[in-house]
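What follows is calculated from the coordinates using simple rules that are stated; it is not laboratory data. Note that the structure is predicted; figures quoted are calculated from it, not measured. For neighbour counting, all protein chains shown are included, and Cβ atoms are generated from backbone atoms with ideal geometry for every residue, glycine included.
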Amino acid sequence: MKIKRPSDIIGGVALVGVAVAVAGALYLFHANDLGLTGFDMVMGGRPKMAALHANIRAAADSFLAQHKSELAVPSDEAYELAVDYSKSSRVRAQGYRSSFYYYCWDVYLPYSLRTRSGKTATVLVHLSDAVQGHGHDPQKFRVLDVRLLDEQGRTTKQINGV
């Protein structure tokens, strides 16, 4: 079989190359439900996401349970608090970016807070797995701080962690 148009083959190969490059860029820069990008995953050694989710959630839930009274609004003490991954992109857009930061995971986990009167807010838990000596242990996340954000994304209350 004789190839009549080598430019068609070169154009096809270039088109495939561009498609692969675009797909790679989308993977590297698209954020998942924790706000981590594909680039973060590569830098962090491609962790097991189920274990990472579980460890982050356990540390955040434990800290929030210990500081429950500090999150309550005096006039509206009863509230419901639940992890809300759907808010990850919004808090990321406000500048709270989860990442693999040099040597450790640095994650912002959003929660929805609904009070008895129906008001809603976002509780943003900032966690890290950094250990002494510039290392990290994904089995031991600790809370750096917790921010109570109003509907406009402004910090109304902050609780410092460890």
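Of the residues making up the range 130-162, those that are free of Cβ contacts under 8 Å to residues at least 60 places away in the same chain and in contact with a His (Cβ under 9 Å, 6 or more places away or on another chain) number 4. Based on what the data block shows, is GLY153 at positive phi, small (Gly, Ala, Ser) and out of contact with any Gly (no Cβ under 8 Å at 6 or more places or on another chain)? Considered against the rule, which asks whether it is at positive phi, small (Gly, Ala, Ser) and out of contact with any Gly (no Cβ under 8 Å at 6 or more places or on another chain), GLY153 comes out as yes.
Within the range 127-141, restricting attention to residues that are under 15 Å from ALA54 (Cα atoms) and of a type outside the set (D, E, K, R), the residue that is farthest from the chain's Cα centre (by Cα) is GLN139.
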